[in-house]
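Notes follow once the structure below has been shown.
No value in this document is a laboratory result; all are computed from the given coordinates. Fair warning: this is a prediction, and the values are worked out from it, not measured in the lab. Counting neighbours? That spans all protein chains shown, and the Cβs are built from the backbone with ideal geometry, glycine included.
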Amino acid sequence: MSSPTPSPTFSLRLPQAPVDTAATTDPLWQQQLGLLLESTGEGIFGVDLDGHCMFINRAAAQMLGYEAAEVWGRNMHELTHHSHADGRHYPDTDCPIFNAFRQGLPCRIDTEVFWRRDRSSFAVEYSSHPIMDGSVVRGAVITFVDITERKRAADALRAAKAELEQRVDERTAELSRALQQLQELSVYSEGVRENERTRIAREVHDELGSLLVALKMDVNWLDKRLGEQESRDAEAAQAMRERMRAKCQNMSRSIETAVDNVGRIITDLRPSILDHQGLWAALEWQAHEFVQTAELTLNWQMQVAQAPELPEPAAMAVFRIFQEMLSNVGRHAQAQQLDVAIHADANGLALSVRDDGVGAPTAAFEAPTAYGVMGMRERARPFGGQIHIHSTPGQGSHFQLHMPMPKDSS
């Protein structure tokens, strides 16, 4: 005689559905259903319309801290779903499990807790589906899993993400402060350089320039005196006097050249026209000086009648950027014509330099060794200016400066 089949640790009390009666009442069928319920690690239980437990598998009972027989017939909401995670009362009228059979709607929840026998709670993900007898709801089947570790991992991940975001924000703030300090240092350094250029220009003008002019006057006087004595001196000294006069004339020409060079150096260090006549006149003078030296045709356009004068630091930055644009044309463009357009009003300044030269790939102006371009951008950045460069091989280059007008420039 074979040994009896052990009874499963669940109870099933389902209303008879309009299907094969023999199948639903066959003990073997119930045993197979019991084995299926016991083979899963998920908690599974069923409730009737009053919320009383009709069946529960071993996994569900163990997670709740009960034996299966202790749960049968008890109200599952009062037993394990009576309170929120913070201890507040959870009325069954709000319970999604009960609504599954009250409204015939399935649900899936992962934000609540179930309560154990020892009054401790655990995070749970559960789903509730109504048990239908034709069109009539008879109860609900609930499956659930303990997601405590998943919640803990998610919380740890969120904390790590928040910490990482905080560190990124802090690092970004540090980099922003460092960039601001670098920009301030750049402005300060540029101011120091301009002050030094101004000082050198004044010293060259006041000391060397005046000295050379005085020397030229003395040499001219000496040359004149020698000429006056020419008829009175003996014939034997005539050759020596001629040599002295020639020497004096050479000295005068050398001094004139030195004076011209000093003037050029002074202009390079600090164009006096910028101080005396302002930025717009300085830009026009620089453009005409450049095309005359480079032997280019100039198409000049400037509309600045409604524009206020820029403060000295901004004006100097614009002038140096314009000089660098022209210098780039002179060094690389091999151009025949230069188009310069300047428009300024109370809102901002737009400066354009276009040549018809050989051009270059755009990448050439973004190279790490394009120091002239980097210098222009660094000069423009403290004043909110931007440099745009468009160039195509064989079609020339186009440099543009756009800068907002400083608020205190009026």
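In straight Cα distance, which aspartates and glutamates are under 12 Å from K247, not counting same-chain residues fewer than 8 positions off? By straight Cα distance, K247 reaches D223. Rg and Dmax over the alpha-carbon atoms of region 21-146 stand at 14.4, 49 Å. Straight-line cross-link partners of K151 among the lysines, defined as a Cα under 23 Å from its Cα and at least 8 positions apart when in the same chain: K161.
Among G73, I109, A162, whose Cα sits farthest toward the positive end of the charge dipole of region 70-165 (+1 at Cβ of Lys/Arg, -1 at Cβ of Asp/Glu, about the Cα centre)? Highest projection toward the positive end goes to G73. Subtracting the Cα-Cα distance of Q103 and E170 from 0.36 nm times their residue separation leaves 19.0 nm of extension gain.
Here r is the Cβ-Cβ distance between A370 and L215 and R0 is 25 Å; the resulting FRET efficiency, rounded to 0.05, is 0.05.
Using the average count of surrounding beta-carbon atoms within 10 Å as a protection proxy, the listed peptides 120-127, 244-251 rank, highest first, as 120-127, 244-251. The residue list Q277, M244, G263 was ranked by how far each Cα lies along the charge dipole of region 242-300 toward its positive end, using unit charges on Cβ atoms, and M244 comes out on top.
Counting Lys +1, Arg +1, Asp -1, Glu -1, what net charge surrounds F101 among other residues with beta carbon under 14 Å of its beta carbon? That works out to -2.
Which value in Å is the Kirkwood Rh of region 276-409 over different Cα pairs? If you can, show how the numbers build up before the last one.
Values: mean 1/r = 0.0667 Å⁻¹.
Hydrodynamic radius (Kirkwood, Cα only) of region 276-409 equals 15.0 Å.
Sorting 340-349, 131-140 by average packing, meaning the other beta carbons within 10 Å per residue, from highest down gives 340-349, 131-140.
Protection proxy ranking for 169-176, 96-103, using the average of other Cβ atoms within 10 Å per residue and placing the highest first: 96-103, 169-176.
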